[in-house]
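The values are calculated or read from the model by the stated rules, or taken from the named source; none is laboratory data. Note that this is a predicted model, so its numbers are computed, not measured. Reconstructed Cβ throughout: ideal geometry from the backbone, glycine too, with neighbour counts over all protein chains shown. Protein only, heavy atoms only, side chains kept; ligands, DNA and RNA dropped before computing areas. Shrake-Rupley method; radii C 1.70, N 1.55, O 1.52, S 1.80 Å.
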Amino acid sequence: METNIVSVKYEDEFMPKTFSGKAYSYYSKIKLKEGDLVMAPTVTGSKIAIVSEVNISEKRIQTIKSKLKTIVVKVKKESYLKSSKLLMDIA
């Protein structure tokens, strides 16, 4: 069953264009697939992140559901990885 809940991993601050660490869950207003780049809202501002999982069940996020933020911007991956230009699609 498809949901609009995804997990992302943020871009590493010390190694740009690499994504690692803990995965964080978000709602998404745009259709995403694993490997897509997005601008993920955080408490310190938006960060570039890679989608690591899609269609997460609501059961898995039940305890944090009220705190989930929403992704509305998809980054054009090829452009960013080649030249660091942030070309975006906004929902």
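Extending 7 Å from the Cα toward the beta-carbon at both N55 and E13 defines two label points whose distance is 3.6 nm. Accessible surface area normalised per residue over the chain is 66 Å², counting heavy atoms of protein chains with a 1.4 Å rolling probe.
Note on K76: lysines with a C-alpha under 17 Å away, same-chain residues under 8 apart excluded, are K9, K17, K29, K31, K33, K47, K85.
Please report, in whole Å³, the volume per residue of the convex hull around the C-alpha atoms of the chain.
On the way: hull volume 8.5 nm³, N = 91.
Given the Cα convex hull of the chain, per-residue volume reads 94 Å³.
Computed from the C-beta positions of T42 and E2, the FRET efficiency with R₀ = 41 Å rounds to 0.95.
Taken about its Cα centre, the chain carries a charge dipole of about 140 debye when Lys and Arg each add +1 at the Cβ and Asp and Glu each add -1 at the Cβ.
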